[in-house]
Amino acid sequence: MASVSQAGKLQRQDTGIVTNSTKKPVLNLFPQRADCKYTPCYCEENVWKLCSDVNTRHQSELQHCHIVFVSNDCHTVPLWRQRAGKEEEKLVIWDYHVVFLYNPDDRCLVYDLDSELPFPTYFHKYVTETFRTDQILKPEYFRYFRVVPASVFLQHFASDRRHMKRADGSWIKPPPDYPPISTSASTHNLDEFINMDPTKGVGQVMNLTQLVKTFYQQL
């Protein structure tokens, strides 16, 4: 992914999150953020590595995990609280972004290695801080979400990193230090995941309201 541009400050809307302390703690799927495999501007591969790690160490939990691609037809999606942001509110307009969701029960956690929020963060707090609302945005900045089961993502995703190369073959940003991810069927299908046409690709495409209704349950 690449930062498209910076935008001016927009109205901030804060809401609290409600948790039930009587429930057993949610399983800690990952070590600390600093121990996770991470390459700046390769969020799709960072998340693939998280999926692979869960599949290795907590395989029974993979069924409760989803990958969420965030984009739109204009490839301009504003996200706040991003570590790459320069201003106080850490706003970045990405062409696309990818996060990892863990939803073992009526609670849902978001793992975003590019966010300045805690790793992980409860879903409602993450959405409130990161996406806020589409109501303050022009339509070309509305966020759409392709939600893919983690097992499907591991099985189908491939990237030869062509989107991170200039015309002369040089890298826009340095690639990860491991070979490109591929499958027996494809060496590159990243665009199919970024595409927000609901009639194409794997998973389900949602708008922000639908995403919240799917993964947030008011307790």
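What to note about this one:
- Probe 1.4 Å, accessible area per residue of the chain, Å²: 50 Å²
- Segment 121-166: C-alpha gyration tensor shape, a/c 1.5 cut-off, then a/b vs b/c: oblate
- A 1.4 Å probe over all protein chains sorts Cys108, Cys74 by accessible area into Cys74, Cys108, starting with the largest.
- A 1.4 Å probe, protein heavy atoms only, puts the accessible area of Cys43 near 0 Å².
- Accessible-area order (highest first, 1.4 angstrom probe) of the listed residues Trp80, Trp48: Trp48, Trp80
- Accessible surface of segment 13-126, 1.4 Å probe, proportion on carbon and sulfur as whole %: 47 percent
- Working note: 222 nm ellipticity from helices only, DSSP H runs with n ≥ 4, each -39,500 (n - 2.57), summed and divided by the residues of the chain, gives -5500 deg cm²/dmol to the nearest 500.
- Cα-centre dipole for the chain with unit charges at Cβ (Lys and Arg positive, Asp and Glu negative), debye to 20: 260 debye
- Where labels lie 7 Å past Cα in the beta-carbon direction, separation of Asp160 and Gln217 in nm: 4.4 nm
- The residue among Thr183, Gly203, Cys36 whose Cα reaches farthest toward the positive pole of the charge dipole of the chain, with charges on the beta-carbon of Lys, Arg, Asp and Glu, is Cys36.
- Scattering profile of the chain at q = 0.13 Å⁻¹ [log10 I(q)/I(0), Debye over alpha-carbon scatterers]: -0.74
- Solvent-accessible area, 1.4 Å probe, carbon plus sulfur percent, for segment 133-212: 50 percent
The values are calculated or read from the model by the stated rules, or taken from the named source; none is laboratory data. All figures in this text were calculated on a predicted structure; none of them were measured in a lab. All Cβ positions, even for glycine, are placed from backbone atoms using ideal geometry, and neighbour counts span all protein chains on display. All accessible areas refer to the heavy atoms of the entire protein, side chains included, with ligands and DNA or RNA removed. Shrake-Rupley method; radii C 1.70, N 1.55, O 1.52, S 1.80 Å.
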